[in-house]
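Participant: Take a look at the following structure, please.
The values are calculated or read from the model by the stated rules, or taken from the named source; none is laboratory data. No experiment lies behind these values; they were computed from the predicted model shown. No Cβ is skipped: glycine too gets one built from the backbone with ideal geometry, and neighbour counts run over all protein chains shown. Side chains included, ligands, DNA and RNA excluded: accessible areas come from the protein's heavy atoms. Shrake-Rupley method; radii C 1.70, N 1.55, O 1.52, S 1.80 Å.
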Amino acid sequence: KHFETMFGPNWSEQTEPVEVDAISEVLGHALDYIYSGSIPELESQEVLLGLLELSDCWDLSELFKSVENQLIPTISLLTYEELQRIGERYHADTLIKACEQFQEDNAHAL
């Protein structure tokens, strides 16, 4: 959807720079995904969260799903509430369910 709008019939080249609110590593992985259709297993939760936001903004649903699944192993006692809030913000249903399951499974420690 994002790219259809950008490069659709009303597309014109801009002379002004385009502002992109993402760190270079996130952009690099997003562009790799666009060209290759996959991303490597990433360990940085910060990069994964950036990719979740960018894939939502650019309407890259398969990348979004992949990032959601890579975020699940990063759920911990320290991160589950934040990840659940982020999941709700981006309608990341798989991530939300995983956070709810983590909360249920670890109720004794919360």
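Participant: Determine, yes or no, whether L27 is out of contact with any Gly (no Cβ under 8 Å at 6 or more places or on another chain) and outside any helix (DSSP H, G or I). Working first, answer last.
Facilitator: Values: out of contact with any Gly (no Cβ under 8 Å at 6 or more places or on another chain): yes; outside any helix (DSSP H, G or I): no.
Spelling it out, it is not the case that L27 is out of contact with any Gly (no Cβ under 8 Å at 6 or more places or on another chain) and outside any helix (DSSP H, G or I).
Participant: Which of the numbered conditions does A109 fail, given that it passes all the others? Conditions: (1) modelled with pLDDT of 95 or more; (2) small (G, A, S); (3) over 13 Å from the mean Cα position of the chain (by Cα).
Facilitator: Condition (1) is where A109 drops out.
Participant: So E13 fits all but one of (1) surrounded by 11 or more Cβ atoms within 10 Å (Cβ to Cβ); (2) at pLDDT below 95; what number is the exception?
Facilitator: (1) is the only condition that E13 fails.
Participant: Separate question: Here is a check on your reading of the model: is Q84 more than 14 Å from the chain's Cα centre (by Cα) and surrounded by 13 or more Cβ atoms within 10 Å (Cβ to Cβ)? Let's see the steps before the verdict.
Facilitator: Details: more than 14 Å from the chain's Cα centre (by Cα): no; surrounded by 13 or more Cβ atoms within 10 Å (Cβ to Cβ): yes.
No: the conditions fail for Q84.
Participant: Right, here's the next one. Just the residues that are of a type in the set (V, I, T) and within 11 Å of the chain's Cα centre (by Cα), please, taken from segment 52-81. I'd like the intermediate steps shown before the answer.
Facilitator: Here is the first cut: in segment 52-81, the residues of a type in the set (V, I, T) are 67, 72, 74-75, 79.
Scanning segment 52-81 gives a single hit, V67.
Participant: Now a separate question. Could you list all residues from segment 30-49 that are in a helix (DSSP H, G or I) and under 24 Å from T79 (Cβ atoms)? Don't jump to the end; show me each part of the working.
Facilitator: So in segment 30-49, the residues in a helix (DSSP H, G or I) come out as 30-36, 45-49.
Correct list: A30, Y33, Q45, E46, V47, L48, L49.
Participant: Separate question: Just to verify a result, which residue in segment 69-81, among those that are assigned to a helix (DSSP H, G or I) and not polar (S, T, N, Q), is surrounded by the fewest Cβ atoms within 10 Å (Cβ to Cβ)?
Facilitator: First pass over segment 69-81, keeping only residues assigned to a helix (DSSP H, G or I): 69-74, 80-81.
Retained after the next criterion (residues that are not polar (S, T, N, Q)): 71-73, 80-81.
Numbers: L71: 24, I72: 15, P73: 11, Y80: 19, E81: 13.
Among those that are assigned to a helix (DSSP H, G or I) and not polar (S, T, N, Q), it is P73.
Participant: Right, something else. Kindly indicate whether A98 is more than 25 Å from I34 (Cα to Cα), open to solvent by less than 60 Å² (accessible area, probe 1.4 Å) and modelled with pLDDT under 95. Before the answer, list the steps.
Facilitator: On the way: more than 25 Å from I34 (Cα to Cα): yes; open to solvent by less than 60 Å² (accessible area, probe 1.4 Å): yes; modelled with pLDDT under 95: no.
So A98 does not fit the description; no.
Participant: Kindly indicate whether any position in segment 50-68 is open to solvent by 90 Å² or more (accessible area, probe 1.4 Å) and outside any helix (DSSP H, G or I).
Facilitator: Going residue by residue through segment 50-68, those that are open to solvent by 90 Å² or more (accessible area, probe 1.4 Å) are 62, 65.
The next check asks that each one be outside any helix (DSSP H, G or I); those that pass are none.
No; the residues of segment 50-68 include none that is open to solvent by 90 Å² or more (accessible area, probe 1.4 Å) and outside any helix (DSSP H, G or I).
Participant: Which of the residues belonging to segment 82-110 are under 14 Å from L49 (Cβ atoms) and not in a loop (DSSP other than H, G, I, E, B)?
Facilitator: Step one: filter segment 82-110 for residues under 14 Å from L49 (Cβ atoms), giving 82-90, 92, 95, 99.
Those that are under 14 Å from L49 (Cβ atoms) and not in a loop (DSSP other than H, G, I, E, B): E82, L83, Q84, R85, I86, G87, E88, R89, L95, C99.
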